[in-house]
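Reviewing the structure listed below.
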Amino acid sequence: MPENHLNALITLSDKIDVPIFVVSVSADEELRFRKLNHYHERVTGMSSAAIAGKRPDECLPPRLAANLSAKFLRCVRSQERLTYEEVLHLPKGEIWWQTTLTPVFLDGHGVIGLLGTAIDISDRKLRDIKLAREMADLRAENEELNTYTSMVAHDVRGPLRKMKMIADLVSNEAELNSAGEHVLTDLHQELLGTITDIADKALGHVDSILSYSRAIALKETSALEAVDLELLFGDIASLVDQQRAFQLDYPHEVVMAERVVLQIVVRNLVENAVKHGKSRCLVSVDSDAGSGDTAANQLVFRISDDGPGFEDSAEVFDAERARFRARPTSGFGLAAAQRIVEARGGAIWMEPGVLGGATVAFAISGQFAPAVVEPV
């Protein structure tokens with residue numbers, strides 16, 4: 001009976017132009033892939049025949065198998081639909097998906113399977129990531145412009161004020177008439193009036209430039225949303241440590257934060273930790289940094305590894321300037337991650353390595369999501 005029910009879904013799936021996969025669930029929660037529909041095969045390059053009847057750990061890289069199994073079992077045990085974003089390395093390249101798992105029930109048998117549907121959101125995610133990077137670069141340029149404008153304004157204001165003072169001095173030194181009043185020729189009055197007028201207009205212009213430079217500074221426009229850290233870090237772990245060679249410990253809480261910023265910065269930092277570490281990476285999150293680097297309503301993430309630290313890394317930390325500096329061989333890197341974090345009003349810094357290697361901490365706007373209280 002359960003088999004017939006799943007077979008009907010399998011037959012129907014090939015008639016729908018959406019990536020669909022079917023997973024069977026036994027009474028003891030054993031998971032086996034049953035089907036990738038034709039559309040799924042076409043867009044991913046995967047073969048349904050190659051995985052049909054196999055457990056995730058029998059046909060997928062270890063880390064990805066563990067990650068998918070955890071998601072599948074979460075859906076089975078909650079008996080509720082589960083929707084999440086994920087990025088997968090597939091035969092036809094890296095694809096961002098919004099995946100929805102729907103439990104398949106059968107009276108008297110409970111959950112007998114899972115129906116997975118996927119929407120390709122790669123274009124949107126890549127645009128979001130590109131925009132986040134560009135906004136960070138633009139904010140840095142605006143800050144430099146603001147600093148430069150302020151310096152120029154300070155340098156220009158002095159001479160202009162001196163022009164006004166000289167004009168006043170000339171006026172006060174003019175000859176006195178019988179009534180004790182300072183007398184200037186028409187030419188002198190015209191010249192002094194012109195000098196004063198030029199100085200006043202120039203000072204007003206400087207003030208306008210300063211106001212404009214402050215106005216174009218990018219405002220904080222962060223939109224916080226619920227981010228399940230277990231799903232987020234599970235996906236990242238599957239990408240950077242496919243063979244499960246590292247011990248990756250990460251938080252499982254749900255937080256309110258900017259998803260795209262976390263996806264960019266956390267992936268970069270975990271990727272660095274796995275690249276330069278030996279066998280372990282530890283990630284923690286807290287709402288209190290214990291330092292003066294953070295503001296209220298911020299989350300603080302710390303990523304540690306057991307590698308050599310930054311001595312042999314592609315990047316170094318300039319403690320005097322509190323900035324990361326990339327060496328020529330580095331890619332996206334910590335310097336760019338720092339720009340993104342700071343563009344959102346956060347901070348990034350080094351801390352003593354708790355695993356003997358490097359520890360990078362960063363703070364961004366966010367908070368822990370309130371716990372959901374089940375009705376009694």
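The values are calculated or read from the model by the stated rules, or taken from the named source; none is laboratory data. Not measured: the values here are computed from a predicted model. Using ideal geometry, Cβ is built from the backbone for each residue, glycine included, and neighbour counts are taken over all protein chains shown. Side chains are part of the model used for accessible areas, which takes the heavy atoms of the whole protein and leaves out ligands, DNA and RNA. Shrake-Rupley method; radii C 1.70, N 1.55, O 1.52, S 1.80 Å.
Measuring with a 1.4 Å probe in the full set of protein chains, what accessible area per residue, in whole Å², belongs to segment 1-114?
Working: 5540 Å² over 114 residues.
Normalised by residue count, the accessible surface of segment 1-114 is 49 Å².
Our coupling estimate for segment 249-263, obtained by passing each phi through the Karplus curve with A = 6.51, B = -1.76, C = 1.60 and θ = phi - 60°, is 10, 9, x, 10, 6, 9, 10, 9, 7, 7, 4, 5, 4, 4, 4 Hz, Gly and Pro reported as x. Taking amide hydrogens as placed 1.01 Å from N in the peptide plane, the amide H of Gly353 sits under 5 Å from those of Thr359, each at least 5 positions away in sequence or on another chain. With bins 10 Å wide beginning at 0, the percent of Cα pairs of segment 3-137 falling in each bin runs 12, 42, 32, 10, 4, 1. Measuring with a 1.4 angstrom probe and ignoring ligands and nucleic acids, Arg280 comes out at about 80 Å² accessible.
Going by the alpha-carbon gyration tensor, a ≥ b ≥ c the square roots of its eigenvalues, is segment 49-126 rounded (a/c under 1.5) or, if a/c is not under 1.5, prolate (a/b greater than b/c) versus oblate? It would help to have the intermediate numbers written out before the result.
Values: a/c = 2.19, a/b = 1.41, b/c = 1.55.
Note, shape of segment 49-126 comes out oblate.
Pairs spanning more than 21 Å between alpha-carbon atoms, out of Lys35/Lys92; Lys15/Lys35; Lys130/Lys278: Lys130/Lys278.
Sequence-ordered 3J(HN,Hα) estimates for segment 268-281 from the Karplus curve with 6.51, -1.76 and 1.60 and θ = phi - 60° stand at 4, 5, 5, 4, 5, 4, 5, 5, 9, x, 9, 8, 8, 9 Hz, glycine and proline given as x.
Using heavy-atom solvent-accessible surface (probe 1.4 Å) with all chains present, what is the largest-first order of Cys59, Cys281? Intermediate results must be reported in sequence, preceding the final value.
Values: Cys59 40, Cys281 0 Å².
So, going from the largest accessible area down, we get Cys59, Cys281.
Shown is the FRET efficiency for Val354 and Glu94, computed with R0 = 25 Å from the Cβ-Cβ distance and rounded to the nearest 0.05: 0.20. With a cut-off of 11 Å on the backbone N, no residue of segment 44-61 is near the modelled label site 7 Å out from Glu3 along Cα-Cβ.
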